[in-house]
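Engineer: Mind having a look at this structure? Questions to follow.
The values are calculated or read from the model by the stated rules, or taken from the named source; none is laboratory data. All of these numbers come straight from a predicted model, not from anything done at the bench. Cβ placement follows ideal geometry from the backbone for every residue including glycine, while neighbour counts extend to all protein chains displayed.
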Amino acid sequence: MHNLCPKIEHVSRRAFLKGALATGTGLALPNWGGLFNSQTMAADTAKKRKACILIWANGGASQLDTFDMKPGRPTGGPFRPMQSKIPGIQLCEYLPKMAQHVDKLAIIRSMKTQSPDHPDGIYHMHTCYKMSERMPHPELGAMIAKYAGNIDADLPSFIRMGPTGNAGSGYLGPQYEPFGIGRDGRLGGFTSAYLDEKEEKRRAELFRFMEEQNGKLNKAEPFDSHRFAKERAWKLLRAKKVFDISKDWDQYKDRYGDSDLGRGLLMARKLVEAGVPFIEIGHDNYDSHADNFVCHKANMNQLDPAWSTLLEDLGERGLLQDTLVVWMGEVGRTPNINNRAGRDHYIRAWTIVLAGAGIKGGQQYGSTDQDGKDVKDNPVSEGDLFSTIYHSLGVDPRVKHYVGTRPIWATPEGSKPIKELVG
Amino acid sequence: MKLARLIACKAIVLLAIVTFAQGDAARGQPLRQLIDAQVKAGWQADQVTPVGRADDAAFLRRVYLDLTGDIPNYDDTVKFLADKDPQKRAKLIDRLLDDPRYAEHQADEWNLILFGRHPSEEIRKLGGVRDWLAERFAKNIPYDQLVRELLLAEKGTENFYAQFNRKPEDTTVAVTRIFLGTQLQCARCHDHPFERWTQKDFYGMTGFFVRLVVVDKGGAAKDGRYLIAEKSTGDVLFTGEAKDQTPGKKGEPVKPKFLGAAVLEEPELPKDFKEPDFKNPKNLPSPKFSRKAKLADWVVAADNPYFARAVANRVWAQFLGRGIVHPVDDLSEKNPTRHAKLLEILAGQMVEHKFDLKWYIRELCNSETYQLAASGPVTDALPRWYERARVRPLSAEEMFRAIHTATGYEPKDKKGSRVDDYFLRYLGEPMNGRGDFQGSLNEHLFFNNSGNLRTMIRDGKNNLYRTILDSKDPWDQKVDRMFLTVLNRPPRAEEKERFVDHLSSADGKPDVLVEEAIWVLLSCAEFRFNK
């Protein structure tokens, strides 16, 4: 006769899509708003402790002067290719150490992307969505922090240093915002207590007393989230020693190379060891509209020892099979060399390199034509790249969240992990 | 089984009669009573147990924040708590509505609604339309008139349209969402997947904005930087779904169409009409026919089916936490609400009272529903049946002001009295995409370790810190004063004991201990949230 349950409880298609049956929480529960039971997913990922180190080639590295050499062609430039330890794979002569590690590398030469300039390119290559969409997309680091991070960790799950992304944690919320470190490895402002340890502890305990008092009467969820975040700030102070590499530096300086990048990658390795799932180190600056070759030679001088040592270091510690190392910038560079011996931005065909975390190394995926002007086979979009990255870290590339009522996925529809890379 | 059904039927019939009777008696009953009756009916029907009334201290802080964007100071707190007048709550509401801070606070809220937290650098420097809003709210200009002025963009409100320069689709999304409570953005690239809106509806609305021209006056920002002119020609050229777009595709012009209503009737232009240029800001041409004016008239018309409901819902949410329809800008048949009847009443009365927001807010704050306690077992931040008061974080602006009031810190100049960049950066957007609060690490690093907060606590002559340190009163009175100043309530027995212990400890210097105690009260969740 009469249906007595209130209409609102009916699972309308709309409510179902909104995940309206879940209660709201600002708390640290993973995948709030997602439709699938990704709380289990996050717990699983954390168990295997996957991590990702992103070496961000700020400004856009030239593929033709690094991994996609075109010797003898008008677009080839003055650098010579060198044979790597795998026949058929050549790279620039200024990456001799990396040449010894190609068995670990998946060199994607067929990136074909959509955003040609810096702000939009940085956004697009950090979120796999266009900046012009005006949606608050989260960066790669925030998504990985959420799904591969450990809620109880003392250290933040998304750490970055130097010139990096411009999108932040977007719709995932402030809990996953990046924790920034200065270029010289120094922690940002507000990371030093102005009280001594005893005083800090005393006021922390008084704070906890007040929270406990409040909690007796008031049970609304935001209160927990507030307390939790404050505890994270205290935990960080406790754990921040790990950012200090000065004691290790003498031992590793020659291997990593005495550069910001070298120091940054050593710190990244240490952070991975400490359980941080995502670290991004920005490498300045590849935006060589003039003097492209001088610029890239100098960069490779830093990149070669730092990157190769990182791979070695991770390998020696048994971390490489669970750590993805990504080298990419926002754009590639033009095959044509301009009148200032520079190369400009190019998105029709360029190169990104992946290693670790089960990525099948020792291969070049996709190729470009003889002058490097276009992709010949297997073009890779931003979405496919991100799918590959997420997949290798055990994160669902199609995990869904909401911005207001609008559902939104971690990668665009149709994105797929590259089979040849992930197996 | 049969008996249960019979009783249930009777209950429904009784409820229907009661509701019908209420509808009849609606005329003459103040809105606050109608609200309470509807909310109570919802509790009964869904068997929800509400909490009791908020105590005076809880009510005091809540209503100060909601009406002035600031907490009460020590004197106002003590006075209100000691007052024996049974009408004191209603009188406080009246006082605060007439306080100049009411207009400032509403201006902050609405400016944020109109521009968001990330306007362009230019718009940010110009302050959006904040000063204009403050002036209008101070005069209690009716809301429909306010919106009309905003949408005509003629005297001081140009920045609203200016922020969308050359992107009439963005204007469409903002105007429909903010003033009509309708989320159209999905229909921009394809027909809406589950609502009734098609792309033609979307671009029908865009037609009203496609002829707007944003003219940069240059010169001093004091005069306002932008003017909004309007062309006599120009149409949206519709080319189909976003996924079918190809370069050079020719579009079909779309006639402006009021949302869910008729196509706009426009006079024909003379055959030899030539669009003038808009180069001279001092002498901008007027259009032969203004779509902008027609849109403004239609949006605020008393019979516009969305306008009254949208503002009634939105202002309800401003005070009661959760919109009757949630999210507030998603008034759709497909978005069900338990309190549909309540929304009809609110919207109807809003129209009857000619969009007088002060009257509306006065009614909301005087309802019993608004004055429920925030305690109890319900964990939702924004309880669905309004069975407990809502809990939401103070905005960056509110935190800034409240910390000033709590510490007694005086800004050195006028610039220092506007919310500063650190507060905006760390407290500006404490929500995730669903609008749920999330504490942020950076916010707490700032609060725990910055010199800024220390300065606000310690610097000054007659502030709380100094008063406590210099006072010769016994410790328990000092603790009373601290709690009354920062949390606007007296301490509970356990709290008093604990704080007296802390402050009279031989283990630390008195100034450090006092600073720590004040810091703890400023840092705790009770301060951070409006409950």
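Engineer: Test residue B:224 against the criterion of being among the small types (Gly, Ala, Ser) and either without any contact (Cβ under 8 Å) to a residue 12 or more places away in the chain or within 30 Å of residue B:272 (Cβ to Cβ) (or both), and give yes or no.
Structural biologist: Answer is no for this residue.
Engineer: Sticking with this structure for a sec: Kindly provide the set of residues from the range A:353-363 that are on the phi < 0 side of the Ramachandran plot and crowded, with 21+ Cβ neighbours inside 10 Å, ordered by number.
Structural biologist: Scanning the range A:353-363 gives A:353, A:354, A:355, A:359.
Engineer: Here is a follow-up. Could you list, in sequence order, the residues of the range B:461-496 that are more than 39 Å from the chain's Cα centre (by Cα) and free of Cβ contacts under 8 Å to residues at least 12 places away in the same chain?
Structural biologist: Scanning the range B:461-496 gives B:470, B:471, B:472, B:473, B:474.
Engineer: Okay, next question. What helices (runs of 4 or more DSSP H), lying completely within the range B:50-100, carry at least 1 residues that are surrounded by fewer than 17 Cβ atoms within 10 Å (Cβ to Cβ)?
Structural biologist: Here the list reads B:74-82, B:88-98.
Engineer: Same structure again: For the subset of the range B:473-502 comprising residues that are aliphatic (A, V, I, L, M) and more than 10 Å from every other protein chain (Cβ to nearest Cβ), which member is farthest from residue B:374 (Cα to Cα)?
Structural biologist: Among them, the one singled out is B:500.
Engineer: Taking strands (runs of 3 or more DSSP E) that fall entirely within the range A:367-415, which contain at least 2 residues that are crowded, with 24+ Cβ neighbours inside 10 Å, at positive phi and among the hydroxyl-bearing types (Ser, Thr, Tyr)?
Structural biologist: none
Engineer: Can I ask one more? For residue B:402, which of the numbered conditions (1) away from chain A (no Cβ under 14 Å); (2) among the hydrophobic types (A, V, I, L, M, F, W, C); (3) surrounded by 21 or more Cβ atoms within 10 Å (Cβ to Cβ); (4) without any contact (Cβ under 8 Å) to a residue 40 or more places away in the chain fails to hold?
Structural biologist: Failed condition: (4).
Engineer: While we're here: Kindly indicate whether residue B:507 is assigned to a loop (DSSP other than H, G, I, E, B), more than 11 Å from chain A (Cβ to nearest Cβ) and not hydrophobic (A, V, I, L, M, F, W, C).
Structural biologist: Here the answer is no, as residue B:507 does not meet what is asked.
Engineer: If you check residue B:525 against the conditions, is it under 31 Å from the mean Cα position of the chain (by Cα), within 30 Å of residue B:55 (Cα to Cα) and surrounded by 22 or more Cβ atoms within 10 Å (Cβ to Cβ)?
Structural biologist: yes
Engineer: Something else: Looking at (1) within 14 Å of chain A (Cβ to nearest Cβ); (2) in contact (Cβ under 8 Å) with a residue 24 or more places away in the chain; (3) out of contact with any strand residue (DSSP E or B) (no Cβ under 7 Å at 6 or more places or on another chain), which is the only condition residue B:410 fails?
Structural biologist: Every listed condition holds for residue B:410 apart from (1).
Engineer: Go through the range B:286-367 and tell me which helices (runs of 4 or more DSSP H), entirely inside it, have 2 or more residues that are surrounded by fewer than 22 Cβ atoms within 10 Å (Cβ to Cβ) and over 22 Å from the mean Cα position of the chain (by Cα).
Structural biologist: Where helices (runs of 4 or more DSSP H) fall fully within the range B:286-367 and carry at least 2 residues being surrounded by fewer than 22 Cβ atoms within 10 Å (Cβ to Cβ) and over 22 Å from the mean Cα position of the chain (by Cα), they are B:291-300, B:340-352.
Engineer: Take residue B:515 and decide whether it is at the interface with another protein chain (Cβ under 8 Å from one of its Cβ atoms) and not β-branched (Val, Ile, Thr).
Structural biologist: The answer is no for residue B:515.
Engineer: Which of the residues belonging to the range A:377-393 are of a type in the set (Ser, Thr, Tyr) and over 20 Å from residue A:115 (Cα atoms)?
Structural biologist: Those that are of a type in the set (Ser, Thr, Tyr) and over 20 Å from residue A:115 (Cα atoms): A:390, A:392.
Engineer: Just the residues that are surrounded by 22 or more Cβ atoms within 10 Å (Cβ to Cβ) and either assigned to a strand (DSSP E or B) or among the basic types (Lys, Arg) (or both), please, taken from the range A:260-304.
Structural biologist: Scanning the range A:260-304 gives A:263, A:269, A:278, A:279, A:280, A:281, A:282, A:283.
Engineer: Now a separate question. Scan the range B:256-304 for residues that are at pLDDT 90 or above and basic (Lys, Arg) and jot them down.
Structural biologist: If the condition is that a residue be at pLDDT 90 or above and basic (Lys, Arg), then B:257, B:274, B:288, B:291, B:292, B:294 are the ones that fit.
Engineer: Report those helices (runs of 4 or more DSSP H) wholly inside the range A:153-259 carrying at least 1 residues which are at the interface with chain B (Cβ under 8 Å from one of its Cβ atoms).
Structural biologist: A:197-217, A:221-239
Engineer: Sort through B:405, B:379 and tell me the only one that's assigned to a helix (DSSP H, G or I) and over 26 Å from residue B:141 (Cβ atoms).
Structural biologist: Unique residue meeting the criteria: B:405.
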